[in-house]
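Scroll down for the structure; my scribbles are underneath it.
The values are calculated or read from the model by the stated rules, or taken from the named source; none is laboratory data. In this text the structure is predicted, and so the values were computed from the model without any measurement. Ideal geometry is used to build each Cβ from the backbone, glycine not excepted, and the neighbour counts take in all protein chains shown. To get the accessible areas, we keep the full protein, side chains included, count just its heavy atoms, and leave off ligands, DNA and RNA. Shrake-Rupley method; radii C 1.70, N 1.55, O 1.52, S 1.80 Å.
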Amino acid sequence: MKITAVEAIPFAIPYAKPLRFASGEVHTAEHVLVRVHTDEGVTGVAEAPPRPFTYGETQESIIAVIDKVFAPQITGMSPLEREAIHAKLDRTVANPTAKSALDMAMWDIVGKSLGLPVTTLLGGYTDRMRVSHMLGFAAPEAMVAEAHRMRDEYGITVFKVKVGRRPFTLDVGVCRALREEFGDGIELYVDGNRGWSASESARALRAMDDLDLTLAEELCPADDVLGRRWLVGQTRIPFVADESATTPAEVTREVLAGSATAVSIKTARTGFTYSQRVLFQCEGLGVEVVMGNQIDGQLGTTCAVAFGSAYRLTSRRAGELSNFLDMTDDLLTEPPRIENGTLAVRPGAGLGIEIDAGKLARYRQDR
Ligand code: MUC
Ligand code: MG
């Protein structure tokens, strides 16, 4: 089987409820749909979400690097030669979501041609994950109301609270309001997207010591090297590296330097192949992981739950799998459904999804 063509299709779908956080905000899902075609008629799909505030990629840069660099490099190769394909892609630095979409589309092809779900090929541990919902910046009452809605409509009881604004006039109060409202009926953790300094983070964590937070993510920048180590050394809950550990090497650096004690795995930036490497490395080191969300749409979420369900360690914690609920529409013929606070993996071959041709025609921006 040979790759005959690669398509990188820009599309834009507005959010019903934009997501706001310390490093940026997203109002429209301006993503890139990646399709890898083969001479056997099997096509693999995945989506790349441009996140300039995290990786420097834009929709235009993803399309350009795929069309001009990656597609010519891998056309004519077999999707089974993943290692050889990654050796080619890795000649270009960075561009993580562009590379990951190609990687996941190739796994989709492999699954489809074997007649097996990707999640089975990856590890096949379980068939669903508990879901954690991200509460973006809003007025404290609105964040509490959103948590109620997510619990009532979808059964979600795990919440990641975006912090990193003003620790004492806003963020700590929101976390306290959520704990007071729901008691021990919910799990709570926080993600600062580097918005606080190390000393603000230390004070805020002390002020929230009684709130039973289960994780603290990227509260301050890992580039504040000594400050971050000082903070992590005194933190009593796992400190998650997200945007500071986006490759296996960065994971090694952050964990061994004492700048993180847990790692967020995002298939949008490490695909399936490099997410496996990050996961196995964390397992070997005895470091906890959480399946993160790159503000993914339905297709990205399908990939995240396929990976997260495949392994023991990734399915231990709830995965961040609910962002797509805030979009006005999406591309799949059958949307993922969160029920009783869980999301099931797709049973079909490959990723088990189909793109709705009418919706793609409506939202694509290149025609
Ligand atoms: C998250 O976990 O930080 C916001 C920025 C980003 O890179 O991902 C999202 C969610
Ligand atoms: Mg994060």
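The table that follows gives values for the structure above.
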{"item": "Matching option when the condition is open to solvent by 30 Å² or more (accessible area, probe 1.4 Å) and at pLDDT 95 or above, among Gln281, Gln298", "result": "Gln281"}
{"item": "From the options Leu299, Leu256, residue that is over 23 Å from Glu30 (Cα atoms) and more than 16 Å from ligand 1 (Cβ to nearest atom)", "result": "Leu256"}
{"item": "Failed item in (1) closer than 26 Å to Leu351 by Cα; (2) in contact with a helix residue (DSSP H, G or I) (Cβ under 7 Å, 6 or more places away or on another chain), with Ala241 passing the rest", "result": "(1)"}
{"item": "Some residue of region 234-243 being within 18 Å of Ser322 (Cα to Cα), out of contact with any His (no Cβ under 6 Å at 6 or more places or on another chain) and not assigned by TED's automatic domain parsing to the domain that holds Ala22", "result": "yes"}
{"item": "Count - residues of region 84-102 that are closer than 24 Å to Val42 by Cα and without any contact (Cβ under 8 Å) to a residue 12 or more places away in the chain", "result": "2"}
{"item": "Spans of strands (runs of 3 or more DSSP E) in region 1-99 with at least 1 residues open to solvent by 40 Å² or more (accessible area, probe 1.4 Å), within 19 Å of Leu325 (Cα to Cα) and not small (Gly, Ala, Ser)", "result": "3-21, 24-38"}
{"item": "Selection from region 235-267 of residues that are surrounded by 17 or more Cβ atoms within 10 Å (Cβ to Cβ), within 25 Å of Met106 (Cα to Cα) and away from ligand 2 (no atom under 12 Å from the Cβ)", "result": "Pro248, Glu250, Val251, Thr267"}
{"item": "Test: residue in region 159-173 that is within 20 Å of Ala16 (Cα to Cα), at pLDDT 95 or above and of a type in the set (Lys, Arg)", "result": "yes"}
{"item": "When residues of region 186-225 are limited to those that are of a type in the set (A, V, I, L, M, F, W, C) and over 15 Å from Phe239 (Cβ atoms), the one nearest to ligand 2 (Cβ to nearest atom)", "result": "Leu188"}
{"item": "All positions within region 153-176 that are open to solvent by 20 Å² or more (accessible area, probe 1.4 Å) and touching an Asp or Glu at 6+ places or on another chain (Cβ under 8 Å)", "result": "Tyr154, Gly155, Thr157, Arg165"}
{"item": "Residue within region 123-132 that is in contact (Cβ under 8 Å) with a residue 24 or more places away in the chain, closer than 22 Å to Ile353 by Cβ, in a helix (DSSP H, G or I) and more than 16 Å from ligand 1 (Cβ to nearest atom) present", "result": "no"}
{"item": "Helices (runs of 4 or more DSSP H) (entirely within region 215-309) containing at least 2 residues that are over 14 Å from the mean Cα position of the chain (by Cα)", "result": "225-234, 248-256, 273-285"}
{"item": "Qualifying residue in region 320-331 (condition: within 16 Å of ligand 2 (Cβ to nearest atom) and without any contact (Cβ under 8 Å) to a residue 60 or more places away in the chain)", "result": "no"}
{"item": "Flag for Asp108 being charged (D, E, K, R), under 18 Å from Gln298 (Cβ atoms) and touching a residue at least 12 places away in the same chain (Cβ under 8 Å)", "result": "yes"}
{"item": "Residues satisfying the stated conditions in region 113-128, i.e. buried (at least 21 other Cβ atoms within 10 Å of the Cβ) and in contact with a Ser or Thr (Cβ under 8 Å, 6 or more places away or on another chain)", "result": "Thr119"}
{"item": "Search result, residues across region 188-208 that are touching a residue at least 24 places away in the same chain (Cβ under 8 Å) and either away from ligand 1 (no atom under 16 Å from the Cβ) or farther than 21 Å from Leu19 by Cβ (or both)", "result": "Ser197, Ala198, Ser199, Glu200, Ser201, Ala202, Arg203, Ala204, Leu205, Ala207, Met208"}
{"item": "Residue under evaluation Tyr311, criteria (1) of a type in the set (Ser, Thr, Tyr); (2) open to solvent by 10 Å² or more (accessible area, probe 1.4 Å); (3) closer than 21 Å to Glu25 by Cα, criterion not met", "result": "(3)"}
{"item": "Residue selected from region 268-277 under the condition touching a residue at least 40 places away in the same chain (Cβ under 8 Å) and either in contact with a strand residue (DSSP E or B) (Cβ under 6 Å, 6 or more places away or on another chain) or open to solvent by less than 30 Å² (accessible area, probe 1.4 Å) (or both), by the criterion nearest to Gly319 (Cα to Cα)", "result": "Ala268"}
{"item": "Subset of region 184-196 (residues that are open to solvent by 10 Å² or more (accessible area, probe 1.4 Å) and over 15 Å from Thr214 (Cα atoms))", "result": "Asn193, Arg194, Gly195"}
{"item": "Filter pass, Glu181 being in contact with a His (Cβ under 9 Å, 6 or more places away or on another chain), part of a helix (DSSP H, G or I) and surrounded by fewer than 17 Cβ atoms within 10 Å (Cβ to Cβ)", "result": "yes"}
